[in-house]
Amino acid sequence: MGIPYSYSFRNLWTRRLTTVLTASGMALVVFVFSATLMLAAGLQKTLVDTGSYDNVIVIRKSATSEVQSGVERLQASIIESQPEVAIGESGQPLLAKELVVLINIPKRGTNKPANVVIRGISARSLLLRPQAKLVEGRMPKPGSAEVVAGKSIAQRFHGGGIGETVRFGMRNWIVVGVFDAGNTGFSSEIWGDVDQLMQAFRRPVYSSVTFKLRDSSRFDEFKTRIEGDPRLTLEAKRETRFYQDQSEMMAKFLRILGLTLTVVFSLGAVIGAMITMYAAVAQRIAEIGTLRALGFQKGSILAAFVLESLFLGLIGGSAGLLFASFLQFITISTMNWQTFAELAFSFTLTFDIAWKSLAFSLVMGFVGGVLPALRAAKMNIVDALRAS
Amino acid sequence: MFILKLLIRNALRHKLRTSLTVIGIAIAIVAFGLLRTLVGVWYSGAEHSSASRLVTRNAISLIFPLPLSYKDRIRQIPGVKAVSYGNWFGGIYRDEKNFFANYAVEPASYLDLYPEIVLPAEQKAAFIRDRKGCIVGQKLADLYGWRIGDMITLRGSIFPGQWEFVLRGIYRGAEKSTEERVLLFHWDYLNETMKKTTPRRADQVGFYMIGITTPDLTAEVALKVDGMFRNSLAETLTETERAFHLGFIAMTEAIVVAIQIVSYMVIVIIMIVAANTMAMTARERITEYATMKTLGFGAVHIAVIVFGESIFIAMIGGAIGVLLTFPGARWIETELSQYFPSFSVSPGTVYLDLLAACMIGMVAAVFPTWRGATIRIAEGLRRIG
């Protein structure tokens, strides 16, 4: 027969201070564990959500980002005439020839400059990106020195708010609207008329051509034809793939950093749990002897102490996860090394991370508790009863 | 002396518990030390870059070039000793994973401006003579097993095509912190090719490096350069090399801040663990404290004993941690040499380590000390532990 579960729980309650201290040590570890995973997940979600599966982006061969790429006007027109390009309601192809460059603008508050993506859009750009919605003001008029700013830019950068001006390319550009593209990379961009921007930056080439596929399954056919065409030195990627590639380096760095830290931290927390459980066993030698004398088996004693330790881990894990979940309100903005551009993203809690964190805390509790529990179970009844 | 003996005896009473706590503290101190070093490495590029060299780039952002004609105009400014120029090439060796910095530069003036690039005279001459020549740092050469005379092919991500270079020299850094994972080649090679393939991108320079006669003139020269090109098609932004590097670091500041927060968090976690140990110890010894009080020891005595024991345990853990930090850092330096130019623990980090260990001991002792010092004799004696 097993020892009632309440025995384990009540033991924790009796020594509240120690329980709280040990559990909070574990809570911090779980907090760090889930926070780093959430950060990597947030980064990847942001960049993956930026693309749509049915959209194809065409950039110059071996360019890894739009900023490095260059697509000549002639080449862009060849792409436009391909049969795979979907046709919109007005009979025009759903295709956008865009210019993407970086400009330096200072951040609000710190005044430190950061690289911001400025995208020259054409008439159909918005149709290709249903995620982007205008939340304030209006879209820029074609042929004018007007721009719209993404939400993260409007909040974080000087001159990004509606009615303010940004200066670049020897001109002042008025921000006439703010758009929200949700948790995507577009929220960290400024958009303006492509022809105006090409003039201002004196760049007579586009950076990329994006279009919607008429039939999603015809991507491979299009890709082989375009990449085999001797007139074009371009490559085509699905938008989702393109943006995922851009997040790879950073996400990997975050994951390695997080993993290393978690391993080190968990060693500390496991030691903490072990100290607590050893003390719990040492204080209760007589009690354990009594239990054994009453007829409880070694296995039951082992189970009771392991359960106590697991429960300790669970308390810590839940508390850590609870605090980590508040991180979802925080937005981080940093430079993506692969594109050199500013990118804002937030911590994202997924179900996968939640269960991993809890499982991790249980493992910590188990590892910390199993040795002391073995010591308790192996005790000799007579010696244990004699201890006071 | 007597008290010290008592402290040590007390600390060794629960050998298992004490050693677990010491291990915990040692691990935390190692982690703390390595994280602080990582933050230091992040900034080391900027710290070791010269404050008397200026970088001029396009004011809009790094990706926009400047015309080559600016070179001679910058040279005319009083205080300018030498001007070199180059481009960030962004070439990829075989695969995106093999990332290293590669620049197209004007070789003679660039090497003059960078005395920290130490190159044997005959290799230097060979590099300058060969327009398709390149030089790499020792670490990079070791990483890919390159030897002088080898052919290196880079795939251009900004400048399309396959680019072939002949390795003419392998340089060493004058200081330990000098970056040795860089490939430098002739700007002329890049420019001549661009003239043939995309003429509109020819005669364009990514950045100018300016050497100043005396360091006090930097601010003045920077203002003059920027003033000279104001309201032109390509306005410039001139700053010291250090400021330029710091600007880059500031863009990834969020990550540095995160590492810093985490490095303090590890200390907090271990504080909790140590506090737990001390709380348990004090709880077990309440009767003893009461007995000592009966014998005439004052509250101060008991406070010193509890406090001292905690500091003693923490400092042993701290000392072990500091000793382990050095082999840890050396291991990182050799294993991850492609990410960090050097990973050496600074004396400041060691002091911070010891300070942190001391803090752990003190914070952990606060509550038990107070308990021990204020316990009433009758209450303590009545307790059956």
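The values are calculated or read from the model by the stated rules, or taken from the named source; none is laboratory data. Predicted model, so just to flag it, every value in this text is computed and none were measured. Because the Cβ atoms are built from the backbone with ideal geometry, glycine has one as well, and the counts that use them run over all protein chains shown.
Of the set (1) in contact with a strand residue (DSSP E or B) (Cβ under 7 Å, 6 or more places away or on another chain); (2) within 12 Å of chain B (Cβ to nearest Cβ); (3) surrounded by fewer than 18 Cβ atoms within 10 Å (Cβ to Cβ); (4) in a loop (DSSP other than H, G, I, E, B), all apply to A:PRO142 but (2). What about A:GLY368, is it in a helix (DSSP H, G or I), at pLDDT below 90 and more than 24 Å from the chain's Cα centre (by Cα)? Judged against the criteria, A:GLY368 is a match.
Within region A:90-144, work out how many residues are closer than 24 Å to B:ASN58 by Cα and of a type in the set (D, E, K, R). Here the count works out to 5. Return yes or no: is A:THR276 within 14 Å of chain B (Cβ to nearest Cβ), within 29 Å of B:ALA279 (Cα to Cα) and out of contact with any Phe, Trp or Tyr (no Cβ under 6 Å at 6 or more places or on another chain)? So A:THR276 passes the test. Against the numbered list (1) surrounded by fewer than 21 Cβ atoms within 10 Å (Cβ to Cβ); (2) touching a helix residue (DSSP H, G or I) at 6+ places or on another chain (Cβ under 7 Å), A:GLU221 comes up short only at (2). You will find that of A:THR276, A:THR262, A:THR233, A:THR290, the residue that is of a type in the set (S, T, N, Q) and closer than 20 Å to A:LYS97 by Cα is A:THR233 and no other. When B:LEU354, B:LEU324 are checked against the criterion of being touching a residue at least 12 places away in the same chain (Cβ under 8 Å), under 15 Å from B:ILE270 (Cα atoms) and surrounded by fewer than 20 Cβ atoms within 10 Å (Cβ to Cβ), B:LEU354 stands alone in meeting it. Condition check for A:VAL135 on (1) farther than 24 Å from A:ASP49 by Cα; (2) at pLDDT 90 or above; (3) of a type outside the set (Gly, Ala, Ser): one failure, at (1). Every condition in (1) in contact with a Pro (Cβ under 8 Å, 6 or more places away or on another chain); (2) modelled with pLDDT of 90 or more holds for B:ALA234 except the one numbered (2). Considering (1) surrounded by fewer than 17 Cβ atoms within 10 Å (Cβ to Cβ); (2) farther than 28 Å from A:ALA373 by Cα, the lone condition that A:VAL263 does not fulfil carries the number (2). Contact annotation: residue pairs with Cβ atoms under 7 Å, 6 or more positions apart or on different chains, pairing a residue in region A:70-87 that is farther than 17 Å from A:MET198 by Cβ with a partner that is part of a loop (DSSP other than H, G, I, E, B), are A:ILE78/A:ARG231; A:ILE78/A:LEU232; A:GLU84/A:ARG214; A:VAL85/A:LEU94; A:VAL85/A:ARG214; A:ALA86/A:LEU94; A:ALA86/A:ARG214; A:ILE87/A:LEU94. Does region A:150-168 contain any residue that is crowded, with 18+ Cβ neighbours inside 10 Å, without any contact (Cβ under 8 Å) to a residue 60 or more places away in the chain, over 29 Å from A:ALA76 (Cβ atoms) and among the β-branched types (Val, Ile, Thr)? No, there is no match, as no residue in region A:150-168 is crowded, with 18+ Cβ neighbours inside 10 Å, without any contact (Cβ under 8 Å) to a residue 60 or more places away in the chain, over 29 Å from A:ALA76 (Cβ atoms) and among the β-branched types (Val, Ile, Thr). Of all residues in region A:75-119, those that are assigned to a loop (DSSP other than H, G, I, E, B) and farther than 30 Å from A:TRP337 by Cα total 11. A:ALA359 falls short of the stated requirement of being surrounded by 19 or more Cβ atoms within 10 Å (Cβ to Cβ) and either closer than 30 Å to A:VAL101 by Cβ or more than 14 Å from chain B (Cβ to nearest Cβ) (or both). The single condition among (1) assigned to a helix (DSSP H, G or I); (2) closer than 21 Å to A:PRO93 by Cα; (3) not acidic (Asp, Glu) that A:THR210 does not satisfy is (1). With respect to B:ASN58, determine if the residue is within 24 Å of A:GLU342 (Cα to Cα) and either of a type in the set (Phe, Trp, Tyr) or within 12 Å of another protein chain (Cβ to nearest Cβ) (or both). For B:ASN58, the condition - within 24 Å of A:GLU342 (Cα to Cα) and either of a type in the set (Phe, Trp, Tyr) or within 12 Å of another protein chain (Cβ to nearest Cβ) (or both) - is met. In the set (1) surrounded by fewer than 16 Cβ atoms within 10 Å (Cβ to Cβ); (2) farther than 28 Å from B:VAL39 by Cβ, the condition left unmet by B:SER310 is number (1). Looking at region B:7-116, the helices (runs of 4 or more DSSP H) lying wholly inside it that each contain 3 or more residues that are among the small types (Gly, Ala, Ser) sit at B:15-47. For B:GLY86, are the conditions met, namely being within 30 Å of B:ARG242 (Cβ to Cβ), of a type in the set (Gly, Ala, Ser) and either outside the structural domain of B:PHE326 (by TED's automatic domain parsing) or surrounded by 18 or more Cβ atoms within 10 Å (Cβ to Cβ) (or both)? The answer is yes for B:GLY86. Given (1) hydrophobic (A, V, I, L, M, F, W, C); (2) touching a Ser or Thr at 6+ places or on another chain (Cβ under 9 Å); (3) more than 14 Å from chain A (Cβ to nearest Cβ); (4) surrounded by fewer than 22 Cβ atoms within 10 Å (Cβ to Cβ), identify the lone condition not met by B:PHE340. For B:PHE340, the failing item is (3).
When B:ARG73, B:ARG94, B:ARG53, B:ARG36 are checked against the criterion of being within 13 Å of another protein chain (Cβ to nearest Cβ) and at pLDDT 85 or above, B:ARG94 stands alone in meeting it. Whether a residue is at negative phi, within 25 Å of the chain's Cα centre (by Cα) and buried (at least 16 other Cβ atoms within 10 Å of the Cβ) was assessed, and A:THR233 does not pass this test. Out of B:PHE297, B:PHE244, B:PHE207, B:PHE229, one residue alone is over 26 Å from the mean Cα position of the chain (by Cα), surrounded by 20 or more Cβ atoms within 10 Å (Cβ to Cβ), more than 9 Å from every other protein chain (Cβ to nearest Cβ) and over 30 Å from A:ALA273 (Cα atoms). It is B:PHE229.
So for region B:154-175 (the condition being under 20 Å from B:GLY45 (Cα atoms) and either of a type in the set (A, V, I, L, M, F, W, C) or touching a His at 6+ places or on another chain (Cβ under 7 Å) (or both)), does at least one residue qualify? Yes, that holds for at least one residue.
The residues of region A:316-343 that are within 14 Å of another protein chain (Cβ to nearest Cβ) and surrounded by fewer than 22 Cβ atoms within 10 Å (Cβ to Cβ), listed by number, are A:ALA319, A:PHE323, A:LEU327, A:ILE330, A:THR331, A:ILE332, A:SER333, A:THR334, A:MET335, A:TRP337, A:GLN338, A:PHE340.
The requirement of being touching a residue at least 24 places away in the same chain (Cβ under 8 Å), within 11 Å of another protein chain (Cβ to nearest Cβ) and not acidic (Asp, Glu) is satisfied by B:THR18. Go over the candidates A:VAL29, A:VAL58, A:VAL116, A:VAL101 one by one and state the one that is more than 14 Å from chain B (Cβ to nearest Cβ) and either touching a residue at least 12 places away in the same chain (Cβ under 8 Å) or under 30 Å from B:MET194 (Cβ atoms) (or both). It is A:VAL58.
Where helices (runs of 4 or more DSSP H) sit wholly within region B:275-385, those with at least 1 residues that are under 30 Å from B:GLY137 (Cα atoms), modelled with pLDDT under 90 and polar (S, T, N, Q) occupy B:299-335, B:347-374.
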